[in-house]
1. Taking springs between alpha-carbon atoms closer than 10 angstrom, which of Thr229, Thr99, Thr67 fluctuates most in the Gaussian network model of the chain?
2. Heads up, I need the accessible area for Phe56: 1.4 angstrom probe, whole protein in place, Å², nearest 10.
3. With every protein chain left in place and a probe of 1.4 Å, what is the accessible surface of Ser29, to the nearest 10 Å²?
4. What whole-number value in Å² describes the accessible area per residue of the chain for a 1.4 Å probe?
5. With both bridge residues required to lie in the chain, what share of the DSSP beta bridges run antiparallel, to the nearest 5%?
6. I need the shape label for the chain. Rule: rounded when a/c is under 1.5, else prolate if a/b > b/c, else oblate, with a, b, c from the alpha carbon gyration tensor.
7. Which residue, Leu231, Leu239, Leu78, tops the fluctuation ranking in a GNM of the chain built on C-alpha contacts under 10 Å?
8. Find, among the trypsin sites (Lys or Arg not before Pro) in segment 114-169, those assigned to loop by DSSP (not H, G, I, E, B) with at most 15 other beta-carbon atoms within 10 angstrom.
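The values are calculated or read from the model by the stated rules, or taken from the named source; none is laboratory data. From a predicted model like this one, the values you see are computed outputs, not experimental measurements. Methodologically, a virtual Cβ is constructed for each residue, glycine included, from the backbone with ideal geometry; neighbour enumeration extends over all protein chains shown. Protein only, heavy atoms only, side chains kept; ligands, DNA and RNA dropped before computing areas. Shrake-Rupley method; radii C 1.70, N 1.55, O 1.52, S 1.80 Å.
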Amino acid sequence: MRNFDEHNITEAVLDRLASTRSQRLKHISSALVRHLHDFVREIEPTQQEWEYAIDFLTRTGQMCSDTRQEFILLSDALGVSMLVDAINHRFPGNATETTVLGPFFVKEAPELPLGSVISRPEDGPALLIEGSVRSLDGLPLASASVDIWHADADGYYDVQRDADELSSRVRVRTDENGNFWVRGAIPAAYPIPNDGPVGQMLEAQGRHPYRPAHVHFMIAASGYETLVTHLFLANSDYLDSDVVFGVKDSLIERLQDTQPGITAHGAKVEHPTPTLRRDFVLAPAR
Ligand code: BEZ
Ligand code: FE
(Lines give C-alpha, C1' and ligand atoms only; values in the text may rest on other atoms or scores of the structure.)
(Ligands and ions follow the chains in the order given, each with its own letter.)
Protein backbone atom coordinates (compact mmCIF):
# COMPACT_ATOMS: atom_id res chain seq x y z
CA MET A 1 0.00 0.00 0.00
CA ARG A 2 1.19 3.48 -0.82
CA ASN A 3 -0.16 6.93 -1.82
CA PHE A 4 -1.58 7.72 1.61
CA ASP A 5 -3.50 10.94 2.06
CA GLU A 6 -5.20 12.69 4.93
CA HIS A 7 -8.29 10.50 4.48
CA ASN A 8 -6.85 6.99 4.21
CA ILE A 9 -3.66 7.10 6.31
CA THR A 10 -5.46 6.27 9.58
CA GLU A 11 -6.83 2.95 8.24
CA ALA A 12 -3.38 2.12 6.83
CA VAL A 13 -1.69 2.59 10.22
CA LEU A 14 -4.44 0.60 11.98
CA ASP A 15 -3.90 -2.27 9.48
CA ARG A 16 -0.22 -2.39 10.44
CA LEU A 17 -1.21 -3.02 14.06
CA ALA A 18 -3.20 -6.13 13.11
CA SER A 19 -0.59 -8.62 14.35
CA THR A 20 0.14 -6.95 17.70
CA ARG A 21 0.43 -9.97 20.00
CA SER A 22 -1.12 -8.49 23.14
CA GLN A 23 -4.83 -7.71 22.59
CA ARG A 24 -4.63 -5.00 25.26
CA LEU A 25 -1.68 -3.31 23.53
CA LYS A 26 -3.50 -3.60 20.19
CA HIS A 27 -6.56 -1.88 21.68
CA ILE A 28 -4.45 0.89 23.25
CA SER A 29 -2.29 1.48 20.13
CA SER A 30 -5.32 1.54 17.81
CA ALA A 31 -7.19 4.01 20.02
CA LEU A 32 -4.06 6.18 20.24
CA VAL A 33 -3.69 6.27 16.45
CA ARG A 34 -7.38 6.99 15.85
CA HIS A 35 -7.57 9.80 18.42
CA LEU A 36 -4.19 11.29 17.48
CA HIS A 37 -5.04 11.37 13.77
CA ASP A 38 -8.48 12.87 14.49
CA PHE A 39 -6.83 15.47 16.72
CA VAL A 40 -4.39 16.46 13.97
CA ARG A 41 -7.20 16.57 11.39
CA GLU A 42 -9.19 18.81 13.76
CA ILE A 43 -6.45 21.33 14.58
CA GLU A 44 -4.67 21.26 11.17
CA PRO A 45 -1.31 22.30 12.65
CA THR A 46 1.12 24.33 10.58
CA GLN A 47 4.56 22.73 10.19
CA GLN A 48 5.86 25.35 12.65
CA GLU A 49 3.21 24.48 15.25
CA TRP A 50 4.07 20.78 14.95
CA GLU A 51 7.75 21.55 15.50
CA TYR A 52 6.78 23.60 18.57
CA ALA A 53 4.79 20.64 19.91
CA ILE A 54 7.76 18.29 19.44
CA ASP A 55 10.06 20.83 21.10
CA PHE A 56 7.61 21.25 24.02
CA LEU A 57 7.58 17.48 24.64
CA THR A 58 11.37 17.30 24.25
CA ARG A 59 11.83 20.03 26.86
CA THR A 60 9.31 18.30 29.13
CA GLY A 61 11.47 15.15 29.00
CA GLN A 62 14.69 17.10 29.49
CA MET A 63 13.24 18.73 32.62
CA CYS A 64 12.81 15.32 34.27
CA SER A 65 15.36 14.15 36.86
CA ASP A 66 15.40 12.01 40.01
CA THR A 67 13.61 14.82 41.82
CA ARG A 68 11.44 16.35 39.08
CA GLN A 69 8.84 14.59 36.92
CA GLU A 70 7.59 17.13 34.41
CA PHE A 71 5.45 14.58 32.50
CA ILE A 72 3.44 13.78 35.65
CA LEU A 73 3.03 17.51 36.20
CA LEU A 74 1.76 17.83 32.61
CA SER A 75 -0.68 14.98 33.19
CA ASP A 76 -1.79 16.66 36.46
CA ALA A 77 -2.27 20.11 34.89
CA LEU A 78 -4.28 18.67 31.99
CA GLY A 79 -6.61 16.79 34.35
CA VAL A 80 -5.42 13.39 33.09
CA SER A 81 -4.09 12.26 36.48
CA MET A 82 -7.47 12.88 38.11
CA LEU A 83 -9.25 11.14 35.22
CA VAL A 84 -7.06 8.03 35.65
CA ASP A 85 -7.62 8.26 39.41
CA ALA A 86 -11.41 8.42 38.97
CA ILE A 87 -11.46 5.42 36.61
CA ASN A 88 -9.35 3.34 39.00
CA HIS A 89 -11.17 4.21 42.22
CA ARG A 90 -14.85 3.55 41.62
CA PHE A 91 -15.17 2.75 45.31
CA PRO A 92 -18.40 1.77 47.02
CA GLY A 93 -20.57 4.14 49.07
CA ASN A 94 -18.86 5.53 52.12
CA ALA A 95 -15.22 4.72 51.28
CA THR A 96 -13.07 7.88 51.54
CA GLU A 97 -12.57 9.49 48.12
CA THR A 98 -9.16 9.57 46.46
CA THR A 99 -7.12 12.31 44.83
CA VAL A 100 -3.69 12.79 43.21
CA LEU A 101 -0.48 11.50 44.83
CA GLY A 102 1.63 14.46 43.70
CA PRO A 103 5.42 14.56 43.28
CA PHE A 104 6.39 15.17 46.92
CA PHE A 105 5.68 11.70 48.31
CA VAL A 106 8.77 10.00 49.79
CA LYS A 107 8.67 6.18 49.83
CA GLU A 108 10.71 5.75 52.96
CA ALA A 109 9.31 8.43 55.25
CA PRO A 110 10.54 8.36 58.88
CA GLU A 111 8.42 5.89 60.87
CA LEU A 112 7.69 7.55 64.22
CA PRO A 113 5.52 6.82 67.26
CA LEU A 114 1.99 8.19 67.55
CA GLY A 115 1.95 11.75 68.91
CA SER A 116 5.31 12.68 67.34
CA VAL A 117 6.05 16.30 66.48
CA ILE A 118 6.73 16.10 62.73
CA SER A 119 7.21 19.81 61.88
CA ARG A 120 9.92 22.30 62.86
CA PRO A 121 8.82 25.50 64.65
CA GLU A 122 9.64 27.48 61.49
CA ASP A 123 7.26 25.29 59.42
CA GLY A 124 4.30 27.23 60.79
CA PRO A 125 1.67 27.32 63.57
CA ALA A 126 1.09 23.94 65.25
CA LEU A 127 -1.59 21.65 63.83
CA LEU A 128 -2.86 18.48 65.47
CA ILE A 129 -3.60 15.92 62.75
CA GLU A 130 -5.69 13.04 64.05
CA GLY A 131 -8.21 10.48 62.98
CA SER A 132 -8.90 6.83 62.51
CA VAL A 133 -8.84 4.16 59.83
CA ARG A 134 -11.92 1.96 59.43
CA SER A 135 -13.51 -0.58 57.12
CA LEU A 136 -16.77 0.12 55.23
CA ASP A 137 -18.75 -1.37 58.13
CA GLY A 138 -16.95 0.76 60.74
CA LEU A 139 -14.48 -1.85 61.99
CA PRO A 140 -11.33 -0.08 63.34
CA LEU A 141 -8.19 -1.15 61.45
CA ALA A 142 -5.30 -1.57 63.90
CA SER A 143 -1.69 -1.26 62.73
CA ALA A 144 -2.64 0.37 59.41
CA SER A 145 0.24 2.32 57.91
CA VAL A 146 -0.54 6.05 57.63
CA ASP A 147 1.82 8.29 55.63
CA ILE A 148 1.21 12.00 56.20
CA TRP A 149 3.01 14.85 54.39
CA HIS A 150 2.29 18.52 53.91
CA ALA A 151 3.78 21.84 52.82
CA ASP A 152 4.91 24.46 55.35
CA ALA A 153 3.38 27.87 56.02
CA ASP A 154 5.39 29.28 53.08
CA GLY A 155 4.03 26.62 50.73
CA TYR A 156 7.19 24.49 50.45
CA TYR A 157 7.70 20.77 51.05
CA ASP A 158 10.81 19.57 52.91
CA VAL A 159 12.14 17.94 49.69
CA GLN A 160 12.06 21.34 47.93
CA ARG A 161 14.55 22.80 50.42
CA ASP A 162 18.30 22.42 49.86
CA ALA A 163 18.95 20.68 53.17
CA ASP A 164 18.09 17.00 53.27
CA GLU A 165 16.38 17.22 56.66
CA LEU A 166 12.83 15.84 56.32
CA SER A 167 9.97 17.57 58.14
CA SER A 168 6.17 17.74 58.03
CA ARG A 169 6.34 14.14 56.89
CA VAL A 170 5.88 10.86 58.78
CA ARG A 171 4.69 7.27 58.71
CA VAL A 172 2.76 6.10 61.77
CA ARG A 173 0.78 2.97 62.59
CA THR A 174 -2.75 3.12 63.93
CA ASP A 175 -3.26 1.92 67.52
CA GLU A 176 -5.49 -1.01 68.57
CA ASN A 177 -8.58 1.22 68.08
CA GLY A 178 -7.56 2.23 64.56
CA ASN A 179 -6.61 5.75 65.76
CA PHE A 180 -3.61 7.94 64.84
CA TRP A 181 -2.43 11.43 65.79
CA VAL A 182 0.67 13.55 65.10
CA ARG A 183 1.65 17.19 65.48
CA GLY A 184 2.38 19.04 62.24
CA ALA A 185 2.03 22.64 61.09
CA ILE A 186 -0.75 24.49 59.25
CA PRO A 187 0.16 24.28 55.54
CA ALA A 188 -0.30 27.10 53.02
CA ALA A 189 -1.59 27.00 49.46
CA TYR A 190 1.31 26.77 47.00
CA PRO A 191 2.17 26.84 43.30
CA ILE A 192 3.17 23.57 41.62
CA PRO A 193 6.73 23.73 40.21
CA ASN A 194 6.25 26.25 37.39
CA ASP A 195 9.78 27.05 36.19
CA GLY A 196 9.56 24.53 33.30
CA PRO A 197 7.44 23.78 30.21
CA VAL A 198 4.30 23.08 32.30
CA GLY A 199 4.63 26.51 33.94
CA GLN A 200 4.99 28.07 30.48
CA MET A 201 1.89 26.20 29.32
CA LEU A 202 -0.15 27.44 32.31
CA GLU A 203 1.03 30.99 31.67
CA ALA A 204 0.08 30.76 27.97
CA GLN A 205 -3.34 29.36 28.95
CA GLY A 206 -3.89 32.27 31.38
CA ARG A 207 -4.02 29.88 34.36
CA HIS A 208 -2.56 30.26 37.87
CA PRO A 209 -0.32 27.43 39.17
CA TYR A 210 -1.79 27.15 42.70
CA ARG A 211 -3.13 24.28 44.78
CA PRO A 212 -5.32 24.98 47.82
CA ALA A 213 -3.81 24.24 51.26
CA HIS A 214 -3.96 20.52 52.02
CA VAL A 215 -2.45 17.61 53.91
CA HIS A 216 -1.60 14.38 52.05
CA PHE A 217 -2.40 10.88 53.31
CA MET A 218 -1.48 7.43 52.03
CA ILE A 219 -3.13 4.71 54.11
CA ALA A 220 -2.42 1.01 53.70
CA ALA A 221 -3.88 -1.96 55.55
CA SER A 222 -3.70 -5.61 54.61
CA GLY A 223 -6.87 -6.78 52.79
CA TYR A 224 -7.85 -3.21 51.79
CA GLU A 225 -7.24 -0.91 48.82
CA THR A 226 -4.47 1.56 49.62
CA LEU A 227 -6.01 5.01 49.95
CA VAL A 228 -4.17 8.00 48.43
CA THR A 229 -5.91 11.23 49.29
CA HIS A 230 -5.69 14.71 50.85
CA LEU A 231 -7.69 16.77 53.28
CA PHE A 232 -8.17 20.34 52.05
CA LEU A 233 -8.44 23.23 54.52
CA ALA A 234 -11.92 24.76 54.26
CA ASN A 235 -10.71 28.36 54.49
CA SER A 236 -8.09 28.02 51.73
CA ASP A 237 -7.97 29.97 48.50
CA TYR A 238 -8.10 28.05 45.19
CA LEU A 239 -10.58 25.34 46.33
CA ASP A 240 -12.54 26.05 43.13
CA SER A 241 -9.55 26.43 40.83
CA ASP A 242 -6.99 23.81 41.97
CA VAL A 243 -4.47 23.68 39.10
CA VAL A 244 -4.54 19.85 39.15
CA PHE A 245 -8.35 19.45 39.56
CA GLY A 246 -7.92 17.43 42.78
CA VAL A 247 -10.55 18.97 45.08
CA LYS A 248 -13.66 16.99 46.13
CA ASP A 249 -16.26 18.36 48.54
CA SER A 250 -15.98 15.26 50.72
CA LEU A 251 -12.27 15.97 51.32
CA ILE A 252 -12.68 19.53 52.64
CA GLU A 253 -12.32 19.90 56.42
CA ARG A 254 -12.70 22.90 58.71
CA LEU A 255 -9.99 23.11 61.40
CA GLN A 256 -11.39 22.49 64.90
CA ASP A 257 -10.00 24.18 68.01
CA THR A 258 -9.13 21.34 70.41
CA GLN A 259 -9.13 22.26 74.10
CA PRO A 260 -6.60 20.85 76.61
CA GLY A 261 -7.29 17.24 77.59
CA ILE A 262 -7.32 13.86 75.85
CA THR A 263 -9.14 13.78 72.49
CA ALA A 264 -11.53 11.01 71.43
CA HIS A 265 -8.69 9.66 69.26
CA GLY A 266 -6.29 9.55 72.19
CA ALA A 267 -4.12 12.66 71.61
CA LYS A 268 -2.97 14.52 74.73
CA VAL A 269 -3.42 18.28 74.18
CA GLU A 270 -1.86 20.83 76.52
CA HIS A 271 -2.86 24.13 74.83
CA PRO A 272 -5.82 24.98 72.59
CA THR A 273 -4.67 23.59 69.22
CA PRO A 274 -6.10 23.85 65.69
CA THR A 275 -6.92 20.32 64.63
CA LEU A 276 -7.46 18.55 61.33
CA ARG A 277 -9.53 15.47 62.07
CA ARG A 278 -10.88 12.70 59.84
CA ASP A 279 -12.09 9.13 60.19
CA PHE A 280 -10.90 7.46 56.97
CA VAL A 281 -12.79 4.53 55.45
CA LEU A 282 -10.94 1.98 53.27
CA ALA A 283 -12.55 -0.11 50.53
CA PRO A 284 -11.85 -3.87 50.60
CA ALA A 285 -9.10 -5.10 48.25
CA ARG A 286 -10.41 -6.05 44.80
C1 BEZ B 1 0.92 18.00 45.49
O2 BEZ B 1 -0.14 18.16 46.06
O3 BEZ B 1 1.88 17.77 46.20
C4 BEZ B 1 0.99 18.12 44.00
C5 BEZ B 1 0.10 17.44 43.20
C6 BEZ B 1 0.18 17.55 41.82
C7 BEZ B 1 1.16 18.36 41.26
C8 BEZ B 1 2.05 19.05 42.06
C9 BEZ B 1 1.96 18.94 43.45
FE1 FE C 1 0.63 18.77 47.98
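1. Thr67
2. 30 Å²
3. Here the residue's solvent-accessible area equals roughly 30 Å².
4. That works out to 56 Å² for each residue.
5. Values: 34 of 46 bridges.
Antiparallel bridges: around 75 percent, rounded to the nearest 5.
6. Values: a/c = 2.72, a/b = 1.82, b/c = 1.49.
It is prolate, given that a/c is not under 1.5 and a/b is the larger ratio.
7. Leu78
8. Values: sites: Arg134, Arg161, Arg169; in loops: Arg161.
Sites meeting the loop and neighbour criteria: Arg161.
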